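The values are calculated or read from the model by the stated rules, or taken from the named source; none is laboratory data. None of the values given here were measured: they were computed from a predicted structure. Note: ideal-geometry Cβ built from the backbone for every residue, glycine included; neighbour counts use all protein chains shown. Keep in mind that these areas ignore ligands, DNA and RNA; they rest on the heavy atoms of the full protein, side chains included. Shrake-Rupley method; radii C 1.70, N 1.55, O 1.52, S 1.80 Å.
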Amino acid sequence: MPQDAFHIRRLAFELNTLLAHGKVNRISQVNKDELTFIIYTGKTTVKLILSANASNARVCLSAIEKEPAPVAPNFCMLLRKHLQGAEILEVRQYAFERIIEIDLHCTTDFSESKRTLHCELMGKYSNVVLTENGVILGALKTTALEDSSRRILLAGAKYLYPAPQDKLSPFDGAGICSRLKNHLLNRESKDVETLAEFLFENVCGLALSTAREVAQRSEKSEKPLWEFVGEFCENEPCSPCVKVENGEAVDFFAFPVSGGVKTPTLWEAEDEFFTRREGKKSFADKKRKMENLVRGLKKKQLKKWQDTKERLQEAEKADELRIKGELLTANLYRVEKGSSYIELENWYSADCDRIKIGLDPLLSPSKNAQKYFKNYNKHKRAKEILVPMLQTEEQEIAYTDSVLSAVTNAETVDDLQEIEQELVQMGLLRLPTVRSGKKKEIVVPFREYEHLGMKIYAGRNNLQNDRLLRLSSPDDIWLHTQKYHSSHVIIATQGGQVRDEILLFAAEICAYYSDGRDGDKIPVDYCKRKYVKKPSKSKAGFVLYTDYKTLLVKPNAHKE
C-alpha cells in the first residue's frame with residue numbers, strides 16, 4: 001500500500017482544491033482511531049475521514065458515513081469545542097513527509113484564531129494533533145510523562161515534528177548521486193529491482209512500489225536517476241487507479257499500473273480501497289467473534305448434557321435397587337445382624353442366579369431394605385425429571401448447531417446482521433447502546449435467484465428461515481438438507497409447474513448453504529410448503545414436514 005509522501009502530496013492538492021473555504025459543520029469519532037468531519041464546501045456536503053489506525057491511516061473523503069461512538073471521547077469533544085463552525089484555510093503536505101496539515105480559521109463571539117490539525121500518517125505511529133501557535137491543544141494519541149520519548153504529546157507542550165529518517169530528499173540530486181555510486185560500487189547487477197531497493201532505502205517519502213515505478217520510468221528517461229527522482233515526485237501527473245486481483249481491491253496508486261481500474265480522483269481510489277479492506281476485516285472479525293461465542297455456548301451445553309446423561313444412567317439403576325429391596329424384604333430372616341452383604345437367589349432372573357446385596361452393618365435388616373426402597377424412589381423421581389431435561393438439552397444443542405452453521409456459512413455482513421439478533425436473544429451478545437431515534441430497523445433481504453423464469457429464495461439464518469416460511473404460498477416448493485443444518489429454500493411457483501432443472505438448481509443452493517457443503521452428494525428433502533409445519537413455541541428455524549421426496553446433489557452456490 002503506497003501511503004507514502006509521493007501519494008500524500010497529490011492527495012493534499014486534491015483535498016485543498018475541494019475543501020479550501022469549506023465550513024466544518026459536524027465532528028464525530030467512530031472509534032479510538034478514526035474521526036469524521038462533515039464539511040460544507042459551499043456547493044455540497046462531504047465527509048472527511050481522519051484515521052490514525054496503524055494499518056489504515058489516511059486522510060481522505062468518503063462516500064460512507066459510519067455510525068459514531070455512542071459517547072463522544074474527550075478528543076472529539078475538544079475538536080467540537082475548538083473547530084465547530086471553523087473555516088478551512090488550506091490543506092497541505094508538510095515538507096515531503098507523510099504529514100497532512102489542515103489550517104482552520106476559528107471564530108467565536110469574542111475572539112478569532114488560526115489552528116492547525118497535524119495528521120501524521122506513519123503506520124503504528126500515526127496520530128492527529130491539534131495545535132494553536134505551535135502549542136498542542138490536544139492529541140488523539142497522547143504520551144505519558146514518564147515515557148522517555150523526545151516528543152511530548154500533551155496539552156500545553158510545544159508541538160515538535162517527528163524526527164526525520166536518515167534518508168535524502170528526492171530533490172537532493174547530488175546526495176542521491178553520491179549514495180548511488182557507493183551502493184552500486186560492488187554490485188554486478190544494476191537492474192530495476194536493485195535501483196528500486198536503493199531508492200526505497202535511501203530516499204525519503206517513497207514506498208517500494210513507488211520506487212519500482214521511478215526505477216522503471218528512469219530507464220526510459222534521458223536524465224540520470226538522481227535527477228529523474230525529483231522531477232517525478234514534483235511533476236508526475238496524478239492518474240489514480242485501484243488495483244484489482246480476482247475481484248478484490250488489493251492496492252491503489254497515483255499512476256497507471258497493470259490490473260488498475262481508473263478512478264476520477266486519488267481520494268476516490270483511496271476510499272474505495274480502504275472501504276473494501278476495512279469491510280473485509282470488519283466482517284472477518286465479526287464472524288470470528290460470533291463463532292467463538294456460539295462455540296463457547298455449545299461447549300457449555302455439551303458439558304451440561306454429558307452431566308445430565310451420566311445422572312440419567314445412574315437413575316437407570318432404579319429397578320435394580322427395587323429388586324434388591326424386595327429380595328431383602330422377603331429374606332429378612334436369613335440376614336445376620338452386623339453383616340456387610342448377603343447373597344440371595346434372584347427370582348427376577350430367568351436362571352435364578354445368585355445376587356450379592358450390600359448391607360450397612362449398623363442398620364437392622366428391615367432398615368437396610370427400607371434404604372434400598374428409599375434410593376429406588378429417589379432414582380425413579382430423578383429419571384422422571386432427567387428424561388425430559390435431556391431432550392430439552394439436546395434440542396438446545398441442535399438449535400445452537402443451526403446458529404453455528406449459519407455463522408460459518410455467512411459470506412457477507414448482511415448474512416451476520418440477523419444472526420446478531422439471535423445471539424442477543426440467546427444472551428450471548430449485548431448490542432451497544434444507540435441514541436434514540438437514530439437506529440432504524442434493518443430488514444436484510446433473502447438470498448434471491450432466478451432460474452428458467454422462476455424465483456428462488458434462500459434464508460440466511462434461522463430468523464430469515466421462519467420469515468421465508470411465513471411469506472411463502474402453500475403450493476411453493478420448500479427444500480432443506482436431510483440430517484444437516486441448512487438454509488430453508490423456497491421455489492416461488494406462482495401456480496406453475498416446477499421443472500426438474502429448477503428443482504436441481506434450488507437443491508444445489510440448499511446443499512451449499514448447509515453443514516454438508518464440503519461433501520460430494522448431499523441428500524436434500526423437498527415438498528410443498530403446505531406440508532411444512534412449525535410447532536408452537538419452537539426455536540427459530542425448527543419445522544416438521546411430511547410428504548417429501550429426496551434428491552442427491554452436489555453443493556453449488558450458483559453465484560453467477
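Miscellaneous remarks
- Annotation: extensible slack from Ser340 through Arg276 equals 15.4 nm (criterion: 0.36 nm per residue apart, minus Cα-Cα distance).
- 3J(HN,Hα) couplings calculated from phi for segment 38-55 with the Karplus curve 6.51 cos²θ - 1.76 cosθ + 1.60 (θ = phi - 60°) are, in sequence order, 8, 10, 9, 8, x, 10, 8, 9, 10, 10, 9, 9, 10, 10, 10, 5, 4, 9 Hz; Gly and Pro show x.
- FRET efficiency for His105 and Lys304, using Cβ-Cβ distance with R0 set to 51 Å, rounded to 0.05: 0.20
- Ellipsoid semi-axes in whole angstrom, largest first, where each is sqrt(5λ) of the Cα gyration tensor of segment 259-312: 49, 8, 4
- Label separation (Asp475 vs Leu504): 2.5 nm, computed from points 7 Å beyond Cα along the C-beta direction.
- Taking each of Lys299/Lys374; Lys32/Lys289; Lys299/Lys534; Lys309/Lys554; Lys286/Lys309 in turn, the alpha-carbon distance tops 26 angstrom for Lys299/Lys374; Lys299/Lys534; Lys309/Lys554; Lys286/Lys309.
- Global form of segment 109-263, assessed from the alpha-carbon gyration tensor, a/c cut-off 1.5: prolate
- D_trans [Stokes-Einstein, Kirkwood Rh over alpha-carbon pairs] for segment 207-309, 10 °C, 1.306 mPa s, µm² s⁻¹: 91 µm²/s
- Count of Lys pairs (Cα-Cα under 24 Å; at least 8 positions apart or interchain) in segment 107-247: 15
- Computed [θ] at 222 nm, helices only, for the chain once each DSSP H run of length n ≥ 4 contributes -39500 (n - 2.57): -13000 deg cm²/dmol
- Cross-link table Lys300/Lys549; Lys287/Lys521; Lys383/Lys530, entries beyond 31 Å C-alpha to C-alpha: Lys300/Lys549; Lys383/Lys530
- Seen against the Cα atoms of the chain and their longest principal axis, helix 208-219 is set at about 40 degrees.
- Expressed as a whole percent, the proportion of Cα-Cα pairs in segment 63-127 lying more than 21 Å apart is 41%.
- Label of the coordinate-derived value, Kirkwood radius over Cα pairs in Å, listed as [x] 24.8; [y] 30.4; [z] 25.5: [y]
- Cα long-axis angle, helix 413-425 against the chain (0 to 90 degrees, to the nearest 10): 50 degrees
- Given Lys455/Lys539; Lys66/Lys280; Lys324/Lys367; Lys324/Lys356, the pairs whose alpha carbons are separated by over 20 Å: Lys455/Lys539
- Solution diffusion estimate, µm²/s, Stokes-Einstein, segment 75-165, Kirkwood Rh from C-alpha pairs, 4 °C, viscosity 1.567 mPa s: 94 µm²/s
- Across segment 340-351, coupling constants 3J(HN,Hα) worked out from phi with the 6.51/-1.76/1.60 Karplus curve, θ = phi - 60°, read 9, 6, 8, 9, 10, 6, 8, 5, 7, 8, 4, 9 Hz, and Gly and Pro carry x.
- Rounded percent of accessible protein surface that carbon and sulfur make up, the chain, 1.4 Å probe: 50 percent
- With 0.36 nm allotted per residue and the present C-alpha distance subtracted, the Ala284-Glu316 stretch has 6.8 nm of extension available.
- Excluding ligands, DNA and RNA, the accessible surface per residue across the chain is 55 Å² with a 1.4 Å probe.
- Cα-based equivalent ellipsoid of segment 286-371: semi-axis lengths in Å, sorted from largest, via gyration tensor: 46, 15, 8
- Degrees, to the nearest 10: 74-83 long Cα axis against longest axis of the chain: 30 degrees
- Using a Förster distance of 22 Å, the FRET efficiency for Phe171-Glu201 (Cβ separation, nearest 0.05): 0.80
- Isotropically averaged projected area of segment 435-560, using the convex hull of Cα atoms (one quarter of hull area), nm²: 9.5 nm²
- Approximate spin-label separation Ser113-Thr17, in nm, with each point projected 7 Å along Cα-to-Cβ: 3.4 nm
- Segment 1-139: C-alpha gyration tensor shape, a/c 1.5 cut-off, then a/b vs b/c: rounded
- Prolate/oblate/rounded label for segment 463-521 (Cα gyration tensor, a/c 1.5): oblate
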